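The values are calculated or read from the model by the stated rules, or taken from the named source; none is laboratory data. Given the structure is predicted, the values throughout are model-derived calculations rather than measurements. Here the Cβ is made from the backbone with ideal geometry for all residues, glycine too, and neighbour counts use every protein chain on show. What goes into the accessible areas is simple: the full protein's heavy atoms, side chains included, and nothing from ligands, DNA or RNA. Shrake-Rupley method; radii C 1.70, N 1.55, O 1.52, S 1.80 Å.
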Amino acid sequence: MDEQVRERVQVFLSEVKQIPTLPDVYLRLQKAFEDPWLSVEYISNIIRLDQTLTISILRLANSPFFGFRKKISSITQAVMLIGLREVYSLVLSISVMGIFPLKEVDQGNLFPAKKLWEHCLAVGVASRVLGKMIGYAQPEELFVAGLIHDIGKLVEKMYLGEKFVTVCQRSRDEERPFLELEEEILGFTHAEVGEMLAEMWGFPALLVSITAHHHHPEKLTEPKSADGAAIVHVADALVRAMGIGWGGDPFVPPIVPAALERLALITPSSLGSVLLKIRQEYDTALRFLMH
Amino acid sequence: MLVYRMSSTYAWWPEVVSPKEIDPYLDKLFLRAGDSQWVHPLREAIREQMVQQLATPSALSSTADKLSDPAGKGLK
Ligand SMILES: [Fe+2]
């Protein structure tokens, strides 16, 4: 990130009185994962302390959305069967979902949080679908990556006040991309805000760099994060084309050719069935995540 | 958590109600999509699914229907 841009984002975030925080259990889990001696028992014990999280994990782990096949009845079993990384991704997903103020009033609102949430959820789902298709090693991480890719927009919406409204209004009136107006009016974009938030929250480096580069995946070279950013970038375009949720403007954004090279295993002629798959998984996700 | 009502009436592109609206809608949707390799096939795939939805609304209908926004028209 450019130094000047970083400074501007820092000024913005320093004015935010209360940055949304992730639940304690996530932070404790994150610390535990830094320990090279971490054990299934230890991780399970941390999760079990949070009853709501325990219930959510079991519910999700047993839903067709995650489809782990075997019936999972305890946290220890979940950690053993689906793996530490996946459980970590689940906890992170659940924690991030809790940040979205889904109950806000929509009337006259140019950018309802619920619509942004639908966009993010669908990009998470689509990223996982694309990841599986190209044999990405940890597709669950892509789900989280998609879920948080636009988290910067949420924080802008919550704390930028009038300036955010101006970005939305001018984007609508001038029929220009939200991203372009962020740059013009704010001097930074949600990708940079998201990057700094992800750093502040201590997210894994992979998620920080995917969030930062989801509009410019060509800038990454390390294969795993470059593939991840390319996938989220393309997923964003597909989801907007499908008309799910709201990402700030009604346009399908340009897809960077370098991203398509990384998704070369997916042929353009198969896009119809890819879209149907995303649609189907998005429906399942809605059914199990919202209740 | 958000409350969603299950039904089979949710349409994917609620703003498109007749075949003649498909192209103008797609023109706007793809106005800024550039000319990458996927743009044309993506547009065609979307068009095909819109046509299908108009022909048989239940074919693509989703199970989710938003309580506060039954037509999904919140932003238009
Ligand atoms: Fe974005």
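Residues to consider are A:ALA212, A:ALA237; find the one that is within 14 Å of another protein chain (Cβ to nearest Cβ) and within 11 Å of the ligand (Cβ to nearest atom). Quick ask: steps written out before the conclusion?
Details: A:ALA212 fails: within 14 Å of another protein chain (Cβ to nearest Cβ).
So the residue among A:ALA212, A:ALA237 that is within 14 Å of another protein chain (Cβ to nearest Cβ) and within 11 Å of the ligand (Cβ to nearest atom) is A:ALA237.
Just to be sure before I move on: is A:GLY202 closer than 23 Å to A:TYR26 by Cα, open to solvent by 10 Å² or more (accessible area, probe 1.4 Å) and either within 13 Å of another protein chain (Cβ to nearest Cβ) or modelled with pLDDT under 95 (or both) in the structure I sent? Break it down stepwise before answering.
Values: closer than 23 Å to A:TYR26 by Cα: yes; open to solvent by 10 Å² or more (accessible area, probe 1.4 Å): yes; either within 13 Å of another protein chain (Cβ to nearest Cβ) or modelled with pLDDT under 95 (or both): yes.
It is true that A:GLY202 is closer than 23 Å to A:TYR26 by Cα, open to solvent by 10 Å² or more (accessible area, probe 1.4 Å) and either within 13 Å of another protein chain (Cβ to nearest Cβ) or modelled with pLDDT under 95 (or both).
Any residue in segment A:68-87 that's part of a loop (DSSP other than H, G, I, E, B): show its pairings with residues that are open to solvent by less than 50 Å² (accessible area, probe 1.4 Å) at Cβ separation under 7 Å, as long as the two are six or more apart or on different chains.
So the pair list comes out as A:PHE68/A:ALA61; A:PHE68/A:ILE82; A:ILE72/A:LEU58; A:ILE72/A:ALA61; A:ILE72/A:ALA78.
Can you name the residue in segment A:215-234 that is more than 21 Å from A:LYS132 (Cβ to Cβ) and in contact with a helix residue (DSSP H, G or I) (Cβ under 7 Å, 6 or more places away or on another chain) and is also nearest to the ligand (Cβ to nearest atom) among such residues?
Among residues in segment A:215-234 that are more than 21 Å from A:LYS132 (Cβ to Cβ) and in contact with a helix residue (DSSP H, G or I) (Cβ under 7 Å, 6 or more places away or on another chain), the one nearest to the ligand (Cβ to nearest atom) is A:HIS215.
Can you tell me which residue is farthest from the chain's Cα centre (by Cα) among those in segment A:198-250 that are closer than 15 Å to A:TYR136 by Cβ and of a type in the set (Asp, Glu)?
Among those residues, the one meeting the criterion is A:GLU222.
Among what's in segment A:35-65 and is without any contact (Cβ under 8 Å) to a residue 40 or more places away in the chain and assigned to a loop (DSSP other than H, G, I, E, B), pick the residue that is farthest from A:GLY146 (Cα to Cα).
Going residue by residue through segment A:35-65, those that are without any contact (Cβ under 8 Å) to a residue 40 or more places away in the chain are A:35-37, A:39, A:41-42, A:44-46, A:48-52, A:54-58, A:61-62.
Okay, now just the ones that are also assigned to a loop (DSSP other than H, G, I, E, B), so A:35-37, A:39, A:49-50, A:62.
Numbers: A:ASP35: 27, A:PRO36: 28, A:TRP37: 30, A:SER39: 28, A:LEU49: 28, A:ASP50: 25, A:ASN62: 21 Å.
That would be A:TRP37.
Within segment A:129-170, work out how many residues are open to solvent by 10 Å² or more (accessible area, probe 1.4 Å), out of contact with any Asp or Glu (no Cβ under 6 Å at 6 or more places or on another chain) and among the acidic types (Asp, Glu).
2
Residue under question is A:VAL208, and the condition is that it be assigned to a helix (DSSP H, G or I) and surrounded by fewer than 24 Cβ atoms within 10 Å (Cβ to Cβ); does it hold? Show your work before the answer.
Numbers: assigned to a helix (DSSP H, G or I): yes; surrounded by fewer than 24 Cβ atoms within 10 Å (Cβ to Cβ): yes.
When the stated conditions are applied, A:VAL208 passes them.
What residue, among those in segment A:171-183 that are within 16 Å of the ligand (Cβ to nearest atom) and either of a type in the set (S, T, N, Q) or open to solvent by 10 Å² or more (accessible area, probe 1.4 Å) (or both), is nearest to the other protein chains (Cβ to nearest Cβ)?
At the first step, the residues of segment A:171-183 found to be within 16 Å of the ligand (Cβ to nearest atom) are A:171, A:176-183.
Imposing the further condition that a residue be either of a type in the set (S, T, N, Q) or open to solvent by 10 Å² or more (accessible area, probe 1.4 Å) (or both) reduces the set to A:171, A:176-177, A:179-180, A:183.
Values: A:SER171: 11, A:ARG176: 8, A:PRO177: 6, A:LEU179: 10, A:GLU180: 9, A:GLU183: 15 Å.
Out of the qualifying residues, it is A:PRO177.
Hey, any hits in segment A:259-281 for a residue that's open to solvent by 10 Å² or more (accessible area, probe 1.4 Å), in the same structural domain as A:ALA126 (by TED's automatic domain parsing), part of a loop (DSSP other than H, G, I, E, B) and within 16 Å of the ligand (Cβ to nearest atom)?
no
May I ask you to list the residues in segment A:99-112 that are open to solvent by less than 30 Å² (accessible area, probe 1.4 Å) and more than 10 Å from chain B (Cβ to nearest Cβ)?
A:ILE99 - this is the single residue of segment A:99-112 that is open to solvent by less than 30 Å² (accessible area, probe 1.4 Å) and more than 10 Å from chain B (Cβ to nearest Cβ).
A:GLU222 fails exactly one of the following numbered conditions: (1) open to solvent by less than 40 Å² (accessible area, probe 1.4 Å); (2) in contact with a Ser or Thr (Cβ under 9 Å, 6 or more places away or on another chain). What is the number of that condition?
Result: A:GLU222 fails condition (1) only.
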